[in-house]
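Have a look at the structure below before the remarks.
Every number in this text was worked out from the coordinates using simple rules, so none of it is lab data. Since we're looking at a predicted model, the values are computed, not measured. Cβ: placed from backbone, ideal geometry, glycine included. Neighbour counts: every protein chain shown.
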Amino acid sequence: MNTENTDINPLGKEVVHSQSYHPGHLYPVARAEGRNAIGLGETLPFSGADIWNAYEISWLNKLGRPEIAIGQFVFPSDSPNLIESKSLKLYLNSLNLERFDSVAAVRTTIAKDLTDKAGRPVDVVLYQIDDLAIANINKPPGRCLDNLEIEVHGYRIDPGTLSTLHAKAEETLYSNLLRTNCPVTGQPDWGTVIIRHRGPQLDPAGLLKYIVSYREHTGFHENCVERIFCDILDRCNPEQLFVQAQFTRRGGLDINPWRANYNVVPEFVRYVRQ
C-alpha cells in the first residue's frame, strides 16, 4: 500500500486519479475559517455531526475480485477539520484496485484515514449493496413551507427576514428550496432543510424568505447549516433549536450536517432527492 500523506489540495485543479491506495488525497479544511466568518468563537452554541453517504465505494478482495459497498461516515461537529468532498471522492477511488482481506479491514482503513484528517474519531459503517435499511426513503417530518405565497426581492443571505410571532410553539418546519453554491466549482448544491424548535413561534413566511436568500451564497454545506442555526438562534431566541440540511448527491456523495442546542441524536432518513 502507498501510505504517503501529502495533503494534495484538489481545490479548483484537475487531479489524476491514483491507481493505488493514497490517503494523501484527503484534504482537510479548518472549520475555524467558516466559523470565524459568522462570529463564532471557541465555545460553540451547538453540538452535532456531519453525516456523509458514499454510494461509490469499491475495492478488491484478497483474490482480486471487486467488492462494493455503500458507506456512511459521521464526522463530529467539534472536529477541527471538515474534509473537502472532491478530495474524499479521489481518496475513495484510490481504493478501487487495492486488495483487502475483509470488509472490516476496509472499514478500519477508511475510519483511520478520515479520523487522522478530521482530528476527531469518525464513525464509519459499510453497508452491503442489498441492505435495504439505507435505501428507505421517507418524507421530511413537519410542515412544508414551500407553497407559501412570498415575494422575494433578493438572493443574498438576509437574516433580517427572520422574526417571531406572539404565540409559543414547538414545531418542525421544512423546505426543499434550499440552494447554495459550491466554493470549489461554483456549481449549485440543492438541499432540504429541517428546522425543529421550541419557544417563540417562527414567522413561516420570513423563514422561507431567509432560506431562499441562500440561493446565490457560496459555502461548504457544514458552514451553511451553522450559519442558519446561528441566525435563527440570534434573531428568534428559541429555547431549543435543531437544524439539519440534507443535500442531494454529487460525485457519489451526499452530505447531511445537523446542529442542535439540546440533547438529540437524530436518526438519518433519506429523502426522495437522495
Using 0.36 nm per residue of separation minus the Cα-Cα distance, give me the extension gain between Asp116 and Gln72 in nm, one decimal.
-> 14.1 nm
Counting each DSSP H run of 4 or more residues in the chain as -39500 (n - 2.57), what helix-only mean residue ellipticity at 222 nm follows after dividing by all residues, to the nearest 500 deg cm²/dmol?
-> -6500 deg cm²/dmol
Per the C-alpha gyration tensor (a ≥ b ≥ c, the square roots of its eigenvalues), the stretch 154-274 is rounded if a/c is under 1.5, else prolate if a/b beats b/c, else oblate; here it's oblate
What is the helix-to-structure angle for 221-236, meaning the angle in degrees between its Cα long axis and the longest Cα principal axis of the chain, kept from 0 to 90 and rounded to the nearest 10?
-> 20
In whole Å, what is the distance between the alpha-carbon centres of the stretch 40-84 and the stretch 165-198?
-> 22
For Tyr155, put the label point 7 Å out on the Cα→Cβ axis and report which residues of the stretch 177-217 keep their amide N under 15 Å from it.
-> 177-182, 186-191, 209-217
Which label in [x] 62, 43, 43; [y] 66, 37, 32; [z] 57, 44, 36 gives the computed Cα extents along the principal axes in Å | [y]
In percent, how large is the relative contact order of the chain, given Cα pairs closer than 8 Å and 6 or more residues apart?
-> 20
Sorted from fewest to most neighbouring beta carbons within 10 Å, what does the list Leu145, Leu114 look like?
-> Leu145, Leu114
Would you list, by chain and number, the lysines whose Cα falls below 20 Å from the Cα of Lys112, excluding same-chain residues fewer than 8 positions away?
-> Lys86, Lys89
